[in-house]
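Participant: Let me give you the structure first, and then I'll get to my questions.
FYI, it's all coordinate maths here, none of it is from the lab. The shown structure was predicted, so the numbers you read here are calculated from the model rather than taken from an experiment. Note that each Cβ is placed from the backbone with ideal geometry, even for glycine, and that neighbours are counted across all protein chains shown.
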Amino acid sequence: TMPLDALHLPPPESLRAPALSWASQLATVVLGEVPPEALAQLQVGGVLWLPGSFAAAWDVRLVDPAGQLAPCAAALELAAQRITVPPLGPERGVPADAADAAALQVVLARTVSLPLDHWLGWGRAGAAYHWPTPQPWAAELRQGPNVWARGALLPLGDGCGLYIESVEQPALAV
């Protein structure tokens, strides 16, 4: 047994990497949300702008597909072709809450893998975790389990958009 308060604290050095190898956790990379009105305007060849990509650092969220872990804050660095999870500390922002199930989200089509200790912010002090994310950057427009559009990230100027290659008609629950 372990007191509940112990789960909110980093583990002792003897339980941290490299002394203990932590399992990896698959994550969906949420690139940003799109207003619901975008559904009515979806068309092949269109581009959905991703406003977050125009910031100096593109803040994204890593989400556990099983819904067991809180979202993890990260940054997508297109020039370096990697996702960076900063160490826990004042520079690591608190991840946004999980989005509403009805929210339209642009996500990378492939998942990434992150050691659980880094997901929880328990990695080595001061060491960011980097996951290579080479091109092509296939992405999808999702609403919960439904995929509305598929395409790829299209860098435009200082930002990025989702170039729509196909529009889907998901089977909605009755």
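Participant: Can you tell me which of 35-45, 130-140 comes out highest on packing, and rank the rest after it, using the mean Cβ neighbours within 10 Å?
Facilitator: Values: 35-45: 10.6, 130-140: 15.1.
My ranking of the peptides, most packed first, is 130-140, 35-45.
Participant: So the label point goes 7 Å from the Cα of L116 along Cα→C-beta, right? Which residues of the range 50-89 then have their backbone N under 15 Å from it?
Facilitator: Answer for this model: 64-70.
Participant: If you don't mind, another one. Would you grab the residues whose amide H sits under 5 Å from the one on L104? Only those 5+ places off in sequence or on another chain, please, with H modelled 1.01 Å from N.
Facilitator: Long-range HN contacts for L104: V34.
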